[in-house]
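Asker: First, the structure itself, so that you have it in front of you.
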Amino acid sequence: MRFSEFDAIEPAAESFNGVVVAEVRSVEPHPDADKLKITRVTDGTHEYQIVCGAANVRVGMRVPLATLGAQLPGGLVIKSAKLRGVPSEGMLCSASELGMPSVVDGLWELPSDAPLGQSIRGWLNLDDSIIELGITPNRGDALSILGVARDCSALFDLDITPRDQSSVTQVTSDAVQPARIAAPDDCPVYLTQVICGVSAGRKTPMWMSERLRRAGIKVIEPIVDVCNYVMLELGQPLHAFDQQKLQGGLTVRRARPGESMDALNQQKLELDADCLVIADEAGPVALAGIIGGLESAVSTATINIVLESAHFTPEAIAGRARRLGLTTDAAFRFERGVDPLLPARALSRAATLIQQICGGQVGNASAAQGAKAPQVPAAIQLDMSWAERRLGLAILPEQAKKFLVRLGCNVEFQSDTVLTVTPPSHRFDMVIPEDLLEELARLLGFDAFRAPMGRSPLTIGVRPETENSFAKVADFMASQGYFEAISYSFIDPAIAELFTSAPGIALANPISSEMAVMRQSLWPGLLQAVAFNQNRQQSRVRLFEVGRSFKGSLDDVQEIDQLAAVIVGARWPEQWSEKSTQADFFDLKGDCEALLLHLGFSLDPSSDQANDVSFRAAAHPALHPGQSAEILIHGQPCGWLGAIHPDIAKKMDVNGSVFVLELDLHSLQYRHLPMNKPRSRFPQVRRDLALLKPATMPIAELLSLIRNGGPASLREVGVFDRYVGAGIEPGFESVAVKLIFQESERTLTDDEIVGIISDIRANLAQHNIQLRT
């Protein structure tokens with residue numbers, strides 16, 4: 001692994017759709033129910049009447065509106081209804097009804113600047129995914145977005161864009177909080193900053209609360225939320241005190257015998273000399289690096305706050321939280337190590353965010369320093385010849401320097417092959433040369449290490465002549481002017497239902513509600529690709545895909561390799577010498593026949609492989625009733641061909657006549673080897689017949705009757721014209737058929753041909769087919 005393992009990937013929100021931002025325009029009491037209210041709401045375009053039972057509904061608030069047809073978590077579908085006799089055209093939603101954490105009872109009140117009419121999923125980007133990383137204990141520096149970004153920057157040789165400093169808060173107050181360090185070995189640096197006149201009762205911005213929620217942190221109130229947010233962003237735990245609840249200055253010291261403290265979680269902590277605390281003149285107000293005290297906690301009534309940003313050594317924090325029965329994000333980070341040079345940056349970032357959200361006047365940061373400077377990693381000597389022996393791979397010194405510099409190290413050449421490497425302050429896990437070697441190997445990647453060639457004999461596999469490869473299919477489709485598409489194997493359940501009535505295999509952890517079931521056909525993905533291209537002014541589209549569909553159930557999943565193709569638009573690319581005509585059913589059928597011939601299958605009923613491939617009219621739920629055919633090989637169904645049903649085309653947002661093909665590739669995998677057959681030296685005889693047949697009779701059936709009624713010398717039967725109109729009896733159509741006769745041992749006479757034609761006509765007459773005169 002070049003980075004941490006992905007422990008889990010999950011959607012950012014539960015599946016729901018049809019929920020938009022709306023504003024309440026009016027609220028009236030329900031005439032027949034005391035607890036219900038009749039509201040008028042607007043999404044910016046339409047106005048709706050909604051019957052609502054929430055106590056906090058009021059005019060002017062913006063709320064989520066589930067419109068008619070919306071589907072909420074749990075499968076609830078919103079329908080038009082009457083509540084105590086009053087029609088309701090939707091539902092105003094609480095956060096919990098959308099699967100989101102609820103801060104208050106009642107409706108989810110959205111910010112006043114929430115865009116009316118916009119989908120809640122789109123506005124909050126709820127189709128995003130949450131990636132859970134498994135950070136190893138030695139990589140405390142990666143327990144933040146900044147830490148992950150640093151590693152990605154090193155892995156992919158990308159620069160991290162620095163934050164715009166124009167928004168950094170300027171000092172507008174001279175207020176300070178006195179602080180000193182009485183335990184310098186445990187706390188090398190302790191920073192405080194006072195912000196006066198904050199409005200702590202304001203709401204945390206939606207963008208911040210959403211990011212905290214996705215990180216698994218509960219939204220409390222803005223000052224606490226900012227501290228948590230900066231911890232996630234930079235990796236530095238912070239704490240905020242209500243200054244008016246503090247008595248005198250702050251001291252970082254060891255707890256004294258008999259001291260206790262009520263923690264923020266309302267747990268009473270019995271302290272001893274092994275515990276590092278932050279204390280005022282009255283006693284402990286926080287358990288350093290672990291949890292704050294209840295008595296000095298900020299609240300919505302807080303006016304002046306003291307921000308704390310400090311560096312506590314891992315030795316001072318490790319084990320204390322578990323011994324006291326506590327598990328906190330701050331302790332988790334300090335136990336693994338936090339960048340000792342980070343507190344000032346984190347403090348400035350937090351002060352900026354708090355002033356932006358809660359207002360107030362920011363004072364100067366005040367620093368208390370221990371007797372010892374914060375410990376930073378020491379320089380390491382790296383001998384590249386030693387590294388080559390240990391890795392089994394030669395790395396040029398210049399390349400090694402480049403990799404280590406990307407990790408933030410300072411690198412100098414001690415000699416041609418020896419480097420002096422000083423790790424950055426956040427990489428306290430780099431202590432010995434082996435640590436640097438591990439980083440070089442990680443950045444090189446596992447693929448850079450080649451296993452030696454084995455000495456066992458090699459055998460070369462030979463593909464049988466009778467076997468067709470999937471690559472051969474793809475190459476042929478590309479040669480016919482089709483572009484290969486690769487679509488997702490999971491699709492929207494609503495789209496899947498358009499193509500088959502069988503339930504799809506549901507994913508346990510879908511990326512989004514639109515990708516929640518495994519596809520049972522390749523057509524949906526191709527049609528989405530067609531819509532995508534048409535929306536970008538591409539009127540002629542020819543696509544194919546070789547992929548798998550999934551049928552059955554979770555207990556019995558059937559994976560089927562398939563070829564699918566789609567055509568829409570002009571038959572040929574635009575050119576000066578040809579008039580543009582639209583592609584039709586027979587264009588795709590011709591391409592299908594050409595593919596089957598290329599793969600070695602026969603379409604000639606007179607060959608030794610008679611009826612290898614045939615087409616028959618059949619109904620498919622996704623295809624046009626009058627333009628669909630089932631494809632058979634050796635009489636067994638192996639695919640479908642036809643025009644997409646107009647209703648489905650409309651729902652998939654594709655324009656024009658769309659024709660699709662689907663073939664089971666396993667049915668095409670093996671073929672008969674062609675056998676040499678001498679061609680006849682005697683002349684062919686052609687006769688053309690104009691036949692009147694019932695309009696409801698498929699032409700394939702007519703040709704089959706002719707073949708079955710003819711002798712062995714009938715080598716070919718084909719249609720070259722079709723006519724319906726004046727002179728043709730209603731319910732009939734005229735079909736012109738060519739018949740090719742040839743014997744292998746002699747020349748056919750005219751009398752023989754006349755007799756054969758007579759027999760064929762007699763056979764056709766039994767099926768209400770007559771010669772047109």
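Asker: So how many residues does the stretch 281-319 have that are surrounded by 20 or more Cβ atoms within 10 Å (Cβ to Cβ), touching a residue at least 60 places away in the same chain (Cβ under 8 Å) and out of contact with any Gly (no Cβ under 6 Å at 6 or more places or on another chain)?
Answerer: 13
Asker: Within the stretch 1-117, considering only strands (runs of 3 or more DSSP E) that don't extend past its boundaries, which have at least 2 residues that are within 26 Å of the chain's Cα centre (by Cα) and crowded, with 17+ Cβ neighbours inside 10 Å?
Answerer: The qualifying strands (runs of 3 or more DSSP E) are 17-30, 62-71.
Asker: Okay, next question. Please tell me if Ser539 is part of a loop (DSSP other than H, G, I, E, B), surrounded by 18 or more Cβ atoms within 10 Å (Cβ to Cβ) and out of contact with any Pro (no Cβ under 7 Å at 6 or more places or on another chain).
Answerer: The answer is no for Ser539.
Asker: Being among the β-branched types (Val, Ile, Thr), at pLDDT below 95, over 30 Å from Leu507 (Cβ atoms) and not assigned by TED's automatic domain parsing to the domain that holds Ser512 narrows it down to one residue among Val104, Val24; which is it?
Answerer: Val104
Asker: What residue, of Gln267, Gln236, Gln243, is under 30 Å from Ile160 (Cα atoms) and in the same structural domain as Phe312 (by TED's automatic domain parsing)?
Answerer: Exactly one of Gln267, Gln236, Gln243 is under 30 Å from Ile160 (Cα atoms) and in the same structural domain as Phe312 (by TED's automatic domain parsing), namely Gln236.
Asker: Regarding the stretch 528-536, can at least one residue be identified that is surrounded by fewer than 14 Cβ atoms within 10 Å (Cβ to Cβ) and at negative phi?
Answerer: yes
Asker: Of the numbered conditions (1) in contact with a helix residue (DSSP H, G or I) (Cβ under 7 Å, 6 or more places away or on another chain); (2) more than 27 Å from Phe483 (Cβ to Cβ); (3) modelled with pLDDT of 90 or more, Ala619 fails exactly one; give the number of that condition.
Answerer: Against the list (1) in contact with a helix residue (DSSP H, G or I) (Cβ under 7 Å, 6 or more places away or on another chain); (2) more than 27 Å from Phe483 (Cβ to Cβ); (3) modelled with pLDDT of 90 or more, Ala619 comes up short only on (1).
Asker: Determine whether the stretch 208-231 contains at least one residue that is modelled with pLDDT under 95 and hydroxyl-bearing (Ser, Thr, Tyr).
Answerer: Checked the stretch 208-231: at least one residue is modelled with pLDDT under 95 and hydroxyl-bearing (Ser, Thr, Tyr).
Asker: Can you tell me which residue in the stretch 717-754 is surrounded by the fewest Cβ atoms within 10 Å (Cβ to Cβ), limited to those that are touching a residue at least 24 places away in the same chain (Cβ under 8 Å) and farther than 20 Å from Gln770 by Cα?
Answerer: Applying the filter and picking the extreme gives Glu745.
Asker: Take the residues of the stretch 545-561 that are surrounded by fewer than 20 Cβ atoms within 10 Å (Cβ to Cβ) and of a type in the set (S, T, N, Q): which is farthest from Ala508 (Cα to Cα)?
Answerer: Gln558
Asker: Let me ask something else about it. For the stretch 253-262, indicate whether the set of residues that are in contact with a helix residue (DSSP H, G or I) (Cβ under 8 Å, 6 or more places away or on another chain) and surrounded by 24 or more Cβ atoms within 10 Å (Cβ to Cβ) is non-empty. Full working, then the answer.
Answerer: Residues of the stretch 253-262 that are in contact with a helix residue (DSSP H, G or I) (Cβ under 8 Å, 6 or more places away or on another chain), as a first pass: none.
Checking the stretch 253-262: not a single residue is in contact with a helix residue (DSSP H, G or I) (Cβ under 8 Å, 6 or more places away or on another chain) and surrounded by 24 or more Cβ atoms within 10 Å (Cβ to Cβ).
Asker: Related question: Among Thr172, Thr192, Thr204, which is touching a Pro at 6+ places or on another chain (Cβ under 7 Å), in contact (Cβ under 8 Å) with a residue 40 or more places away in the chain and farther than 28 Å from Arg406 by Cα?
Answerer: Thr204
Asker: Filter the stretch 498-517 for residues that are assigned to a loop (DSSP other than H, G, I, E, B) and closer than 20 Å to Ala622 by Cβ; which is nearest to the chain's Cα centre (by Cα)?
Answerer: Initial filter on the stretch 498-517 (assigned to a loop (DSSP other than H, G, I, E, B)): 500-505, 507-512, 516.
Imposing the further condition that a residue be closer than 20 Å to Ala622 by Cβ reduces the set to 500-505, 516.
Values: Thr500: 24, Ser501: 25, Ala502: 24, Pro503: 22, Gly504: 19, Ile505: 18, Ala516: 10 Å.
Only one residue fits best here, namely Ala516.
Asker: Hey, another quick one. Does Gly248 fit the bill of being in contact with a strand residue (DSSP E or B) (Cβ under 8 Å, 6 or more places away or on another chain), modelled with pLDDT under 95 and small (Gly, Ala, Ser)?
Answerer: In short, yes.
Asker: Do the conditions hold for Thr302, that is, is it within 18 Å of Asp242 (Cα to Cα), touching a helix residue (DSSP H, G or I) at 6+ places or on another chain (Cβ under 8 Å) and not in a strand (DSSP E or B)?
Answerer: Working: within 18 Å of Asp242 (Cα to Cα): yes; touching a helix residue (DSSP H, G or I) at 6+ places or on another chain (Cβ under 8 Å): yes; not in a strand (DSSP E or B): yes.
Yes, satisfied.
Asker: I would also like to ask the following. Kindly evaluate Thr136 against the criterion of being under 30 Å from Gln243 (Cβ atoms), among the β-branched types (Val, Ile, Thr) and either out of contact with any helix residue (DSSP H, G or I) (no Cβ under 9 Å at 6 or more places or on another chain) or not in a helix (DSSP H, G or I) (or both).
Answerer: Here the answer is no, as Thr136 does not meet what is asked.
Asker: Of the residues Glu467, Glu484, which is touching a strand residue (DSSP E or B) at 6+ places or on another chain (Cβ under 9 Å), among the acidic types (Asp, Glu) and within 30 Å of Ala516 (Cα to Cα)? Before the answer, list the steps.
Answerer: Details: Glu467 fails: within 30 Å of Ala516 (Cα to Cα).
Within the list Glu467, Glu484, the selection yields Glu484.
Asker: Farther than 30 Å from Val530 by Cα and touching a residue at least 12 places away in the same chain (Cβ under 8 Å): does that describe Gly710?
Answerer: Yes.
Asker: Also, I was wondering about something else. Give me the pairs: first residue in the stretch 320-341 and closer than 20 Å to Val189 by Cβ, second residue at pLDDT below 90 and outside any helix (DSSP H, G or I), beta-carbon distance under 7 Å, and six or more apart or on different chains, which are they?
Answerer: Once the first residue is closer than 20 Å to Val189 by Cβ and sits in the stretch 320-341, its partners that are at pLDDT below 90 and outside any helix (DSSP H, G or I) give Glu335/Ala318; Arg336/Pro137; Gly337/Phe428; Pro340/Pro374; Pro340/Gln375; Pro340/Val376; Leu341/Pro374.
Asker: When the residues of the stretch 172-187 are filtered to those that are more than 49 Å from the chain's Cα centre (by Cα) and of a type in the set (D, E, K, R), which remaining residue is nearest to Thr251 (Cα to Cα)?
Answerer: Checked the stretch 172-187; the qualifying residue nearest to Thr251 (Cα to Cα) is Arg180.
Asker: Next question. Out of Ser469, Ser487, report the one residue that is under 30 Å from Leu668 (Cα atoms) and touching a Gly at 6+ places or on another chain (Cβ under 7 Å).
Answerer: Ser487
Asker: If you don't mind, another one. Assuming Ser479 fulfils every condition listed in (1) closer than 26 Å to His624 by Cβ; (2) loosely packed, with under 13 Cβ neighbours inside 10 Å apart from one, which condition is it?
Answerer: Every listed condition holds for Ser479 apart from (1).
Asker: Modelled with pLDDT under 90 and either surrounded by 19 or more Cβ atoms within 10 Å (Cβ to Cβ) or in contact with a Gly (Cβ under 9 Å, 6 or more places away or on another chain) (or both): is that true of Ala371 in this structure?
Answerer: no
Asker: Can you name every residue in the stretch 35-64 that is of a type in the set (Ser, Thr, Tyr) and in contact with an Asp or Glu (Cβ under 7 Å, 6 or more places away or on another chain)?
Answerer: Scanning the stretch 35-64 gives Thr42, Tyr48.
The values are calculated or read from the model by the stated rules, or taken from the named source; none is laboratory data. Remember, it's a predicted structure, so these values are computed and weren't measured experimentally. With ideal geometry, Cβ positions are generated from the backbone for all residues, glycine too; neighbour counts draw on all protein chains shown.
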